[in-house]
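Working notes for the structure below.
The values are calculated or read from the model by the stated rules, or taken from the named source; none is laboratory data. None of the values given here were measured: they were computed from a predicted structure. Backbone-built Cβ (ideal geometry, glycine too); neighbour counts: all protein chains shown.
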Amino acid sequence: MIHFDSNALIALPLWARAQHPLVGRIADGEPCAASVVVWYEFLIGPVAAEEVRLAHAFLRGALVPVEAADARLAAMLFNEAGRRRTLKTDALIAAMDIRAGAEFLTLNMGDFEPFVDFGLRLAQPPPI
(Lines give C-alpha, C1' and ligand atoms only; values in the text may rest on other atoms or scores of the structure.)
Protein backbone atom coordinates (compact mmCIF):
# COMPACT_ATOMS: atom_id res chain seq x y z
CA MET A 1 0.00 0.00 0.00
CA ILE A 2 1.31 3.40 -1.00
CA HIS A 3 -0.10 6.65 0.35
CA PHE A 4 0.57 9.81 -1.63
CA ASP A 5 1.45 13.26 -0.36
CA SER A 6 -0.03 16.28 -2.14
CA ASN A 7 3.26 17.02 -3.91
CA ALA A 8 3.41 13.44 -5.19
CA LEU A 9 -0.13 13.80 -6.57
CA ILE A 10 1.03 16.95 -8.35
CA ALA A 11 4.00 15.04 -9.84
CA LEU A 12 1.81 12.15 -11.03
CA PRO A 13 1.31 13.40 -14.60
CA LEU A 14 5.07 13.75 -15.04
CA TRP A 15 5.68 10.24 -13.74
CA ALA A 16 2.91 8.85 -15.95
CA ARG A 17 4.33 10.52 -19.07
CA ALA A 18 7.78 9.16 -18.20
CA GLN A 19 6.25 5.69 -17.70
CA HIS A 20 7.88 5.42 -14.30
CA PRO A 21 7.71 1.90 -12.78
CA LEU A 22 5.85 3.26 -9.74
CA VAL A 23 2.91 4.16 -11.95
CA GLY A 24 3.10 0.68 -13.48
CA ARG A 25 3.01 -0.99 -10.05
CA ILE A 26 -0.19 0.81 -9.19
CA ALA A 27 -1.68 0.20 -12.64
CA ASP A 28 -0.92 -3.50 -12.07
CA GLY A 29 -3.02 -3.47 -8.90
CA GLU A 30 -0.84 -2.33 -6.00
CA PRO A 31 -3.20 -0.46 -3.67
CA CYS A 32 -2.74 3.27 -3.23
CA ALA A 33 -4.59 6.04 -1.43
CA ALA A 34 -4.29 9.51 0.03
CA SER A 35 -5.52 10.79 3.34
CA VAL A 36 -8.33 13.33 3.27
CA VAL A 37 -5.81 15.76 4.80
CA VAL A 38 -3.48 15.31 1.83
CA TRP A 39 -6.43 15.55 -0.56
CA TYR A 40 -7.41 18.87 1.03
CA GLU A 41 -3.83 20.18 0.61
CA PHE A 42 -3.87 19.02 -3.02
CA LEU A 43 -7.21 20.68 -3.78
CA ILE A 44 -6.22 24.08 -2.41
CA GLY A 45 -3.62 24.02 -5.20
CA PRO A 46 -3.25 25.76 -7.44
CA VAL A 47 -4.39 22.72 -9.40
CA ALA A 48 -6.35 22.39 -12.63
CA ALA A 49 -9.63 20.47 -12.79
CA GLU A 50 -8.04 17.92 -15.14
CA GLU A 51 -5.24 17.27 -12.61
CA VAL A 52 -7.85 16.67 -9.91
CA ARG A 53 -9.71 14.19 -12.13
CA LEU A 54 -6.47 12.39 -13.01
CA ALA A 55 -5.35 12.10 -9.37
CA HIS A 56 -8.78 10.93 -8.22
CA ALA A 57 -8.90 8.30 -10.99
CA PHE A 58 -5.36 7.17 -10.24
CA LEU A 59 -6.24 6.71 -6.57
CA ARG A 60 -9.45 4.95 -7.61
CA GLY A 61 -11.18 7.31 -5.22
CA ALA A 62 -9.32 5.86 -2.22
CA LEU A 63 -9.33 8.68 0.31
CA VAL A 64 -8.62 7.67 3.90
CA PRO A 65 -10.75 9.43 6.56
CA VAL A 66 -9.35 10.73 9.84
CA GLU A 67 -10.19 8.55 12.84
CA ALA A 68 -9.96 9.27 16.57
CA ALA A 69 -6.94 6.96 16.81
CA ASP A 70 -5.18 9.11 14.21
CA ALA A 71 -5.71 12.22 16.32
CA ARG A 72 -4.25 10.51 19.41
CA LEU A 73 -1.23 9.18 17.51
CA ALA A 74 -0.70 12.52 15.74
CA ALA A 75 -0.67 14.36 19.07
CA MET A 76 1.95 11.95 20.39
CA LEU A 77 4.04 12.30 17.21
CA PHE A 78 3.83 16.08 17.35
CA ASN A 79 4.91 16.16 21.00
CA GLU A 80 7.71 13.63 20.58
CA ALA A 81 9.04 15.29 17.42
CA GLY A 82 9.61 18.62 19.16
CA ARG A 83 6.26 20.46 19.06
CA ARG A 84 7.25 22.65 16.10
CA ARG A 85 4.21 24.38 14.64
CA THR A 86 5.24 23.28 11.14
CA LEU A 87 4.80 19.63 12.20
CA LYS A 88 1.10 19.81 13.13
CA THR A 89 -0.41 18.78 9.81
CA ASP A 90 2.49 16.50 8.92
CA ALA A 91 2.04 14.64 12.23
CA LEU A 92 -1.60 13.94 11.35
CA ILE A 93 -0.68 12.74 7.86
CA ALA A 94 2.08 10.54 9.30
CA ALA A 95 -0.28 9.09 11.92
CA MET A 96 -2.78 8.10 9.24
CA ASP A 97 -0.07 6.42 7.17
CA ILE A 98 1.33 4.56 10.18
CA ARG A 99 -2.15 3.30 11.12
CA ALA A 100 -2.73 2.13 7.54
CA GLY A 101 0.65 0.36 7.41
CA ALA A 102 1.35 2.25 4.18
CA GLU A 103 4.53 3.51 2.62
CA PHE A 104 4.31 7.29 2.30
CA LEU A 105 5.40 8.86 -0.96
CA THR A 106 6.42 12.50 -0.65
CA LEU A 107 8.88 14.78 -2.36
CA ASN A 108 9.55 16.47 1.00
CA MET A 109 11.10 13.54 2.81
CA GLY A 110 12.88 15.81 5.30
CA ASP A 111 9.53 17.11 6.56
CA PHE A 112 8.48 13.60 7.55
CA GLU A 113 11.77 12.14 8.80
CA PRO A 114 10.97 13.11 12.44
CA PHE A 115 8.24 10.44 12.35
CA VAL A 116 10.28 7.55 10.96
CA ASP A 117 11.42 6.41 14.41
CA PHE A 118 7.74 6.04 15.32
CA GLY A 119 6.86 3.75 12.44
CA LEU A 120 6.41 5.95 9.36
CA ARG A 121 7.79 4.24 6.27
CA LEU A 122 8.93 6.63 3.55
CA ALA A 123 8.91 5.47 -0.06
CA GLN A 124 11.74 6.68 -2.27
CA PRO A 125 10.17 9.12 -4.73
CA PRO A 126 10.81 8.77 -8.45
CA PRO A 127 12.88 11.56 -10.00
CA ILE A 128 10.90 14.36 -11.55
TODO: Read through the list (1) crowded, with 22+ Cβ neighbours inside 10 Å; (2) more than 11 Å from the chain's Cα centre (by Cα); (3) closer than 17 Å to S6 by Cβ; (4) not aliphatic (A, V, I, L, M), then give the number of the only condition that F78 fails.
DONE: (3)
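So if I check each of R60, R72, R99, R84, which one is in contact with an Asp or Glu (Cβ under 9 Å, 6 or more places away or on another chain) and farther than 19 Å from P125 by Cβ?
Values: R60 fails: in contact with an Asp or Glu (Cβ under 9 Å, 6 or more places away or on another chain); R72 fails: in contact with an Asp or Glu (Cβ under 9 Å, 6 or more places away or on another chain); R84 fails: in contact with an Asp or Glu (Cβ under 9 Å, 6 or more places away or on another chain).
Checking each option against the conditions leaves just R99.
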Open item on the list: What's the total number of residues in the stretch 21-50 that are in a helix (DSSP H, G or I), more than 15 Å from the chain's Cα centre (by Cα) and under 22 Å from D111 (Cβ atoms)?
Closed with: 0
Open item on the list: Which numbered condition in (1) crowded, with 20+ Cβ neighbours inside 10 Å; (2) at pLDDT below 95; (3) not small (G, A, S) is the only one that I93 fails?
Closed with: (2)
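One line per residue, one yes/no per condition, for (1) in contact (Cβ under 8 Å) with a residue 60 or more places away in the chain; (2) at positive phi; (3) surrounded by 15 or more Cβ atoms within 10 Å (Cβ to Cβ); (4) not hydroxyl-bearing (S, T, Y):
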position	(1), (2), (3), (4)
F4	yes, no, yes, yes
Q19	no, yes, no, yes
L22	yes, no, yes, yes
R25	no, no, no, yes
P31	no, no, no, yes
S35	yes, no, yes, no
A57	no, no, no, yes
V64	yes, no, yes, yes
A69	no, no, no, yes
TODO: Give the stretch 62-119 a look and list any residue that's among the basic types (K, R) and part of a helix (DSSP H, G or I), or say none.
DONE: R72, R85, K88, R99
